[in-house]
Amino acid sequence: MNYGIVLKVLGSILILESILMTPSLLISLYTNQADKLAFLITILITGAIGFGLTRNRSRDRHINAKEGLAIVSLGWVSISLLGALPLYISGSTPTYIDAFFEIVSGFTTTGATVIANVEVLPMGILFWRSFTHWIGGMGILVFTLSLLPALGIGAFQIFKAESPGPIAGKIAPRIKDTAKILYITYFTITIIQVILLKFGGMSLFDSLVYTFGTVGTGGFATKNASVGAYNSTYIHLVIGSFMVLSGVNFSLYYSLFKGKVKDVFRDEELRLYFAIVFISVTVIAINLFKTTYSSMGLAFRDSFFQVGSIMTTTGYSTANFDIWPTFSKAILLLLMFIGASAGSTAGGMKVIRILVILKLIKREILKIFHPRAVKPVKLNDKILPNETIAGINSFTGLYMIIFVLSTILVSLEGVDLESAASSVAATLGNIGPGLGVVGPTSTFNGYSQISKAFFSLLMLLGRLELFTLIALFAPKNWRREI
């Protein structure tokens, strides 16, 4: 393990984090609220630690897989540990564990909260909470890729460990160019949504906050009733549509920009993603209309919003879906596991993994009738390597094992099975709200400090695709090579 280069990159990340806190400080100074000192102290501490870490004189600037995993894992933990300070110092949360949970939820784009009344929070804190969604959405580490070449540091291993999904693909020949393309797309979608929300009557501040939560698929809000506080079909449809669009693989937007329209709509993951959204919206809307709602239009509006919110793991709500019929809640619970597309800002297992698993099931059924048939698994007309298939199977198995064991552990809190299972699904899948005691009108504040710390770990595990963080604890990765 090349400790020097790991510390140097971590230092660069922390310096960047201190810079990214500046807008929140400026908002606090402008509004003259109590959180301004908290941001100033945190910026100075974070910047000083980052500067100190970059001062090491490591001459070896090569990054291999071990260094990449360490940088990604420690990077997310570090920015969360320091990013939580403004909430704790300002008194926005009563304990540091609460602040850590809140900011891990922000950076991992989970959107779960322990704060019952967000409407009393200072504007700087509200902005910082949601801005962490936007930063974490595409990954603060991917953001730093354009800076690493200036340090003479290779970036592919970091990009590979950071990429959401089973296949890390480069859009451009150079990782730096790939990062720039992704962020240009990210910026563009962000600006368009802010304009549309402002046009719908939202204040500029709320437009920014809800856009950060939408494009980053996070879910933090400025209102206790989330998006439901805005009784506007226009706003609901804008946010709902952008949630679904943010669940698409961002590389497809670049392909669309390059005029490769046919390639985009031939993408198997994209087609399955939209099919799941369409079918789920339709069956839930029909179920709601037959049991709860008097208007089919309203049933479709709320169904579209909640399906988009849960499947893209955003977590916003316009209705209390915890009181919906069991059939509708069961579909939403299933969508919590599926998630959106690989290469998007969303969490969950990802549609591409579900697609490959379905193809594997189909192949095994065919083998029953044709035992000698050789049927390779293809994705977009390309044969998937056996190691990729094995990785998908391993991930799926580990995901379910962690889910079951975590549900058992959380049940020790004395909550019902629905609440325990959905709490784990909501944090491991980076969704936010769940069912029962953590429904859309509730928070995670009822859990103990130990459980909140455990949920924070689950959020990091989910965001880093399980293996990245788990590999950090492998002893052999920390041995010095002789």
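A short reminder: the numbers here are calculations on the coordinates, not readings from a lab. Just so you know, these numbers come straight off a predicted model, no measurement behind them. Please note: Cβ atoms are built from the backbone with ideal geometry, for glycine as well, and neighbour counts cover all protein chains shown.
Taking a straight Cα-Cα cut-off under 20 Å and skipping sequence neighbours fewer than 8 places away in the same chain, the aspartates and glutamates within cross-link reach of K223 are D35, D98, E102, E119, D206, D302, D322.
Hull volume per residue, based on the alpha-carbon atoms of segment 255-412 and their convex hull, is 172 Å³. Ranking of K452, K359 by neighbouring Cβ atoms within 10 Å, starting from the fewest: K359, K452. For segment 201-248 versus segment 359-406, the spacing of their alpha-carbon centroids is 37 Å.
Taking the Cα centre of segment 336-465 as reference, the dipole from Cβ charges on Lys and Arg (+1) and Asp and Glu (-1) amounts to some 780 debye. Give me Rg over Rh for segment 213-306, both radii from the alpha carbons and Rh done the Kirkwood way, two decimal places. Using only Cα positions, Rg/Rh for segment 213-306 is 1.04. From least to most packed, judged by other beta carbons within 10 angstrom and beginning with the fewest, K290, K382, K180 follow the order K382, K290, K180. Separation of the alpha carbons by more than 31 angstrom is noted, of K258/K382; K290/K378; K66/K260; K260/K290; K8/K260, for K290/K378; K66/K260; K260/K290; K8/K260. So for segment 383-445, considering every pair of alpha-carbon atoms, how many percent are separated by more than 18 Å? Above the 18 Å cut-off, segment 383-445 has 43 percent of its Cα pairs.
Label positions at K367 and Q449, each projected 7 Å from the Cα along the C-beta direction, are separated by 5.2 nm. Work out, step by step, the length gained on full extension between T326 and T233: first 0.36 nm times the residue separation, then minus their alpha carbon distance; give nm to one decimal. Working it through step by step, the gained length comes to 30.9 nm.
The ellipsoid equivalent to the alpha-carbon distribution of segment 35-127 has semi-axes of 30, 17, 9 angstrom, derived from the gyration tensor eigenvalues as √(5λ) and listed largest first. Each peptide among 291-301, 437-447 gets the average number of other Cβ atoms lying within 10 Å of its residues, and from highest to lowest they stand as 437-447, 291-301.
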